[in-house]
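Here the structure is laid out as structure tokens; the discussion comes afterwards.
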Amino acid sequence: MQTITGRLTFTLILSMVAAGCGDDGGNTATLDGGATVDTVAAADSVTTTPATASFKQLKAYSAIKGKASLEATVTGVPAKLELLADAKVVATLTAAPWTFSWDTSAQADGLVKLALKATNAGGSKTSDAVSVVLLNKGAEITWKDGNSATVIVPTSGYVEQHLRYHWDMPAGVTKVLAVLSWDKPGFKLELAIGMGNCPDSGTVASRKESETSPVLVTYPESGAAALATGLWFGHVQLMNSTKVLGKQTPFKIIGYLLK
């Protein structure tokens, strides 16, 4: 009889809670012996943890054209994952696999910042943006004499390193994007691009130096007029030799010709 009475009491208490008589608005269940369980808190611990996402193997200033496949690394459980291009949603996923198929064929050539926005009951989190180059009409530069080498700094003595590389500019190009990247920290490098053989015997169109890799040089900043055809150069110069004595770093230039 004691057992039956206990079960009847338990049923009565739960009925009162469901009717809204509890102080917590019906979110606490009372068990035999007076113990309680916060059912909302238990659910929230699972469903309201924010999810995050980042791009997998997407490098800054890499080229994208046509139908691009972009894979995301996801932490948590997003209800939806959005691909943002310059802060605008261009594709949405609601379940794994978290790989976007983005058709860029109708997009104009140029730089675009991509990010991922993960959303669930815990809110929304947007990843750091990665700048990439849309290259549907243009092409990557074909270098005449290579586009990579190593800066080697002796332990003492005067150092002035100038390394230049060339390409033939085709007709119809309206913009050049050139990216210099290097492996070792501590080096301050300058990238210049221009017409002719080198900065001394040609014309510098644009230049930029940086202590962190990569560095991007663009020419022109705006405008749609076709650039001059003929011989163009990419020029790499070491800017802080006294701080990197006895060190070396490989580097590479990648260039894009936009139309």
- request: Determine the order of M169, M239 by accessible area, beginning with the largest, at a probe radius of 1.4 Å.
  value: M239, M169
- line: Expressed as a percent, the accessible surface of the stretch 215-259 that is carbon or sulfur, using a 1.4 Å probe and the full set of protein chains, is 53 percent
query: Can you give the relative contact order of the stretch 149-259 as a percent, counting alpha carbon pairs under 8 Å and 6+ residues apart?
result: 46 percent
message: Starting from the 7 Å offset along Cα-to-Cβ, what nm value, one decimal, do you get for the label separation of T142 and T92?
response: 4.4 nm
task: Pull up all non-local amide H partners of S131: gap of 5 or more, or a different chain, and H-to-H distance under 5 Å with H placed in the peptide plane.
output: Y61, L114
message: Let me cross-check L216: its accessible surface, 1.4 Å probe, with only protein heavy atoms counted, in Å² to the nearest 10?
response: 30 Å²
message: Exceeding 31 Å between C-alpha atoms, which entries from my cross-link table qualify? They are K65/K117; K56/K259; K184/K259; K117/K243; K88/K208; K56/K137.
response: K184/K259; K117/K243
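The values are calculated or read from the model by the stated rules, or taken from the named source; none is laboratory data. For clarity, every value in this text was computed on a predicted model and none was experimentally measured. No Cβ is skipped: glycine too gets one built from the backbone with ideal geometry, and neighbour counts run over all protein chains shown. Note: accessible area is taken over every heavy atom of the protein model, side chains too, but ligands, DNA and RNA are not part of it. Shrake-Rupley method; radii C 1.70, N 1.55, O 1.52, S 1.80 Å.
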